[in-house]
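The values are calculated or read from the model by the stated rules, or taken from the named source; none is laboratory data. Only a predicted model underlies this, so the values are computations on that prediction, with no experimental measurement involved. So basically every Cβ, Gly included, is an ideal-geometry build from the backbone, and we count neighbours across all protein chains shown.
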Ligand SMILES: *[C@@H]1O[C@H](CO)[C@@H](O)[C@H](O)[C@H]1NC(C)=O
């Protein structure tokens, strides 16, 4: 399908059911299947045509990546925006307490809020969101600036300006690089590259694996 003629595409990323396009002007467009919120338009509807992400209006994006059912993009200032499916923790958004979901003035402080495993009326776990249909700003530890990102089927990897790699999400096959098969719902720095004096320059995820390009840190 045709984009508006004045739009020049800089990057195109394909998820399992959706497409994400970064335009030369730093605007992001998405289309395709939306069942898991991966389009970022606030609904779970499919979009037959490329649609601009209104939620990112006014921000200039320099990098984008599509996972199986989630999406990420990085702003020119190094901020990470992420949305879509969180089934394995691939969004790394802080867990929302029941208290935050309760409308103001509805007694957000009652006993159930303090119990981590509390359930909503319909019995769903109260502290878990499976779908984030709008881009959400994700804070990396220590305010690191993100310059590259890639997504696997259900995991996410980000390279920082300082040359460090952060990964999170599904870890069953060791794809996070932390030395085990644990899944993570928050960004964690991959220690291997720090320990081995390697500066990470770029990352590319396969569905269940992760590749990085590194250079040796210059010894002073
Ligand atoms: C995202 O998913 C992970 C793993 O299933 C979960 O631990 C975490 O609480 C979820 N995040 C939110 C914001 O619900």
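For the reader, a short list of remarks on this structure follows.
- Tally, over segment 26-38, of residues that are part of a loop (DSSP other than H, G, I, E, B) and either free of Cβ contacts under 8 Å to residues at least 40 places away in the same chain or within 16 Å of residue 87 (Cα to Cα) (or both): 7
- Among the residues here, residue 176 qualifies as at pLDDT 60 or above and either within 25 Å of residue 199 (Cα to Cα) or within 15 Å of the ligand (Cβ to nearest atom) (or both).
- Counted residues, segment 175-220 - those being assigned to a helix (DSSP H, G or I) and either touching a residue at least 60 places away in the same chain (Cβ under 8 Å) or closer than 10 Å to residue 163 by Cα (or both): 2
- Residues of segment 103-144 satisfying the condition of being loosely packed, with under 15 Cβ neighbours inside 10 Å, more than 16 Å from the ligand (Cβ to nearest atom), outside any helix (DSSP H, G or I) and at pLDDT 85 or above: none
- Residue 171 in contact with a strand residue (DSSP E or B) (Cβ under 7 Å, 6 or more places away or on another chain), farther than 17 Å from residue 200 by Cβ and in a loop (DSSP other than H, G, I, E, B): yes
- Those residues of segment 47-65 which are more than 14 Å from residue 134 (Cα to Cα) and touching a residue at least 12 places away in the same chain (Cβ under 8 Å), in sequence order: 47, 48, 49, 50, 59, 60, 61, 62, 63, 64, 65
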